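Just so it is clear, none of the values below were taken in a lab; they were calculated from the coordinates. Treat the numbers as computed from the prediction; the structure is a model and nothing was measured. So basically every Cβ, Gly included, is an ideal-geometry build from the backbone, and we count neighbours across all protein chains shown.
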Amino acid sequence: MSGTAVGPGTVSALQAALAAEHAAVYGYGVAGAYLDGPARTAATADWYAHQVARDTLEAMLRQAGAKPVAAAPAYQLPHKVNGPVSATALAVLLENRVTAAYLGVVAVSDPAVRQFGARAMAAAAGRAASWRGRTVAFPGFPPSAFS
């Protein structure tokens, strides 16, 4: 971080992003089991990307003097995953949730943290678009949020 005091809002935003990254790591472990070929390769790359992001967030929180939130032993999946279609839908949902979580990081006062959040948010939105097969306005938000 940029050497300034880290406020509780920044810590809270980083913790929320970390929680989303923990869930994404878990979810990709499930999704990947139902994919093969290029889709499995993509899921594996995304799984690793979320592990790197998780580790980065944990380091940022420790540097700020905070204890990083731990991963849950297991997560309730939003729907049953039993094949490639449901696994792909899970990957889209995970990326949407990670994108939304990084919005809080983009809103903090520290420019370096904001920049980190913006890059992470763009990466997650890009992964969601890749899984979805198209882009959407305001990734991470349901279309009903704007009607």
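Taking K and R as +1 and D and E as -1, what net charge do the other residues with C-beta under 10 Å from the C-beta of A123 add up to? Around A123, the surrounding residues sum to 0. Taking Lys and Arg as +1 and Asp and Glu as -1, the other residues whose beta-carbon sits under 11 Å from that of G27 total -2.
Structural descriptor for the chain: relative contact order 30 percent, calculated from alpha carbon pairs under 8 angstrom and at least 6 residues apart. The Cβ shell under 15 Å around A16 holds other residues with a net charge of +2, Lys and Arg each +1, Asp and Glu each -1.
The coefficient of translational diffusion for the stretch 8-141, derived via Stokes-Einstein from the alpha carbon Kirkwood radius under 10 °C and 1.306 mPa s, stands at 107 µm²/s. Taken about its Cα centre, the chain carries a charge dipole of roughly 160 debye when the Cβ of each Lys and Arg holds +1 and the Cβ of each Asp and Glu holds -1.
Between exposed trypsin sites (Lys or Arg not before Pro) in the chain, where DSSP calls loop and at most 16 other Cβ atoms lie within 10 Å, what's the longest gap? Longest gap between qualifying sites, sites excluded: 1-79. Label-to-label distance for Y75 and A45 is 2.1 nm, based on points extended 7 Å past Cα in the beta-carbon direction.
Residues W131, W47, ranked from the fewest to the most other C-beta atoms within 10 Å, line up as W47, W131.
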